[in-house]
1. Check whether at least one residue in region 31-50 is touching a strand residue (DSSP E or B) at 6+ places or on another chain (Cβ under 9 Å) and within 17 Å of residue 183 (Cβ to Cβ), and report yes or no.
2. May I ask you to list the residues in region 3-29 that are β-branched (Val, Ile, Thr) and under 25 Å from residue 95 (Cβ atoms)?
3. Kindly establish whether residue 135 is over 17 Å from residue 16 (Cα atoms), surrounded by fewer than 18 Cβ atoms within 10 Å (Cβ to Cβ) and within 18 Å of the chain's Cα centre (by Cα).
4. Quick one: would you say residue 100 is of a type in the set (Lys, Arg), over 30 Å from residue 56 (Cα atoms) and in contact (Cβ under 8 Å) with a residue 12 or more places away in the chain?
5. Going through region 168-193 one residue at a time, which ones are aliphatic (A, V, I, L, M), touching a Cys at 6+ places or on another chain (Cβ under 9 Å) and not in a helix (DSSP H, G or I)?
6. Please work out if residue 125 is touching a helix residue (DSSP H, G or I) at 6+ places or on another chain (Cβ under 8 Å), crowded, with 22+ Cβ neighbours inside 10 Å and of a type in the set (D, E, K, R).
7. Look at residue 81 and say whether it is assigned to a helix (DSSP H, G or I) and within 19 Å of residue 169 (Cβ to Cβ).
8. Please work out if residue 45 is modelled with pLDDT under 95 and outside any helix (DSSP H, G or I).
Amino acid sequence: MSELYQNNGDISICFSADNNYVQHLSVAIVSMLSNTKTSKRINIYVLNDGSITEENKKRLEKVVMLKENAKLFFIPIDKKMFEDFYMLPKSHFTLATYYRYVIPTMLDKLSKLIYLDCDLVVCGDIEELWNTDVGSKYIAAVPDILGRENIIRLGLDSEHYCNAGVLIMNLEKMRADDIQNELIKCTYEKRDMIRWLDQDVINMVLQNKMKYLDLSWNFQYFYDGSKADYTKEEVRNAAKNLKIFHYIGHIKPWDYSSHRPYSHLYFKYLKMTPWKNFCYKYALYSFIKSLLFVQNEGKYRRISILGFSIKTKRKYFMLENEIKNLKEMFIIETKNKNKVKTCN
């Protein structure tokens, strides 16, 4: 990719998106640029499988112009090489989540890079994250809020299972040890074990080879009744010192009448993008749906009638959740009891 500007003296940020996610990508970018005060050049790379339209590319370029020292580059990705990869049925995930595998070779002149998912807002200065020393580790990441159950499910010999939405990537070391091919190989070989797509694979391949970051750099809020790995105090401290908020799960702030916590942050930055008219459309559609709307929120059910909303407890949710988790773990353990548990 010699035509791309690659300078290790700059701050390098990478996203992966298809055309359906460009609006949310714009929010992530504008929030990052708005809260970063550095005078260093910021190079923003977008992994693009060809689906992003020329019109949307121009819109994204307009977003990046918010900061004089920022530059946008689109990196062409061949979608075909990922078509056989496992996808979670009926989920919000797309194949674009796997594109991060090829970053080390696509950006072959960079020794370091920050990868960010599109469904997040950056509330802190990204230069602070950039200055984090990864040391001899392959990546730095934040332990997942529901990591323990995934460690058990995958049979990991690791202290933490990390969320892949925010990564500092040691590209030089990843290239030296051919981690890209290890990730691809593991995706095929451990297909029956995978639930959370590339995140599972990254944790299997790089277990005990990651540096752990504070929760404030990838704050995850989950309300489905599962037991979080973090204490209430740790969550409160991260919320007070919020650097990045990540909208994990299938309920997103742009879903009509979703009542997603921290949604206001998404719309705050959306108003600074060429997609700002969505705010008015969202308000109108949400009002119409709120006239009669029912939504499950973990152990609660929200019922909205004529604009008034109440929350009621789902009587058997916790028991149903435990039974579901036990069934899934039993099926996976049965399938893989004779397999090697890691990809190392």
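1. Yes, because at least one residue in region 31-50 is touching a strand residue (DSSP E or B) at 6+ places or on another chain (Cβ under 9 Å) and within 17 Å of residue 183 (Cβ to Cβ).
2. Within region 3-29, 13, 22, 27, 29 qualify.
3. Details: over 17 Å from residue 16 (Cα atoms): yes; surrounded by fewer than 18 Cβ atoms within 10 Å (Cβ to Cβ): yes; within 18 Å of the chain's Cα centre (by Cα): no.
When the stated conditions are applied, residue 135 does not pass them.
4. No, not satisfied.
5. Across region 168-193, the qualifying residue is only 169.
6. Working: touching a helix residue (DSSP H, G or I) at 6+ places or on another chain (Cβ under 8 Å): yes; crowded, with 22+ Cβ neighbours inside 10 Å: no; of a type in the set (D, E, K, R): yes.
No: the conditions fail for residue 125.
7. Numbers: assigned to a helix (DSSP H, G or I): yes; within 19 Å of residue 169 (Cβ to Cβ): no.
No.
8. For residue 45, the condition - modelled with pLDDT under 95 and outside any helix (DSSP H, G or I) - is not met.
The values are calculated or read from the model by the stated rules, or taken from the named source; none is laboratory data. Predicted, not measured: the structure shown is a model, and the values here were computed from it. Cβ coordinates were reconstructed from backbone atoms using ideal geometry, including for glycine residues, and neighbour counts include every protein chain displayed.
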